[in-house]
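Student: Structure in structure tokens, see below.
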């Protein structure tokens, strides 16, 4: 089985899996705009993001069968790697969950680690966490 490939963009999500391409029409911008009240990050905003992402992923029934490894070359994944993981090329579920819990516990600290116009990286973070949970991804390879 081919690895699951993805690219999370501002206006849509691109997924290539099992020789099929899926385009989810809501991207990071829509998730961020629907979750943050007046642009303010909070635990409630993150919970809202999780809900929206779950709905988005469940909108494509074929994705229920995904499992295993995923691959991405997104620049936001590279920034996320620098902020939380500092690994060279892969992130597993345990690493991701530990980093995500740290992010939620120290939200204000992490918000100040990037420029305001880079905060969408945290929407990206919530998205890959939910992808790992709902799509049974064990590891993300960074290319």
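The values are calculated or read from the model by the stated rules, or taken from the named source; none is laboratory data. No experiment lies behind these values; they were computed from the predicted model shown. Using ideal geometry, Cβ is built from the backbone for each residue, glycine included, and neighbour counts are taken over all protein chains shown.
Student: All but one of (1) within 16 Å of the chain's Cα centre (by Cα); (2) at pLDDT 95 or above; (3) more than 16 Å from residue 10 (Cβ to Cβ) hold for residue 127; state the number of the condition that does not hold.
Tutor: (3)
Student: Please find, among 138, 119, the residue that is under 17 Å from residue 45 (Cβ atoms), surrounded by fewer than 20 Cβ atoms within 10 Å (Cβ to Cβ) and touching a residue at least 60 places away in the same chain (Cβ under 8 Å).
Tutor: One residue alone meets the criteria, 119.
Student: Considering only region 78-89, how many residues are free of Cβ contacts under 8 Å to residues at least 60 places away in the same chain and surrounded by 15 or more Cβ atoms within 10 Å (Cβ to Cβ)?
Tutor: Here the count works out to 5.
Student: Please determine whether any residue of region 98-112 is outside any helix (DSSP H, G or I) and without any contact (Cβ under 8 Å) to a residue 40 or more places away in the chain. It would help to see each step written out before you state the result.
Tutor: Going through region 98-112, the residues outside any helix (DSSP H, G or I) turn out to be 106, 112.
Adding the requirement that they be without any contact (Cβ under 8 Å) to a residue 40 or more places away in the chain leaves 106, 112.
The answer is yes, given that some residue of region 98-112 is outside any helix (DSSP H, G or I) and without any contact (Cβ under 8 Å) to a residue 40 or more places away in the chain.
Student: In addition: When region 1-59 is examined, which residues are found to be surrounded by 15 or more Cβ atoms within 10 Å (Cβ to Cβ), touching a helix residue (DSSP H, G or I) at 6+ places or on another chain (Cβ under 7 Å) and farther than 25 Å from residue 139 by Cβ?
Tutor: Once the filter is applied, which keeps residues that are surrounded by 15 or more Cβ atoms within 10 Å (Cβ to Cβ), touching a helix residue (DSSP H, G or I) at 6+ places or on another chain (Cβ under 7 Å) and farther than 25 Å from residue 139 by Cβ, region 1-59 yields 26, 32, 35, 36, 41, 45, 48.
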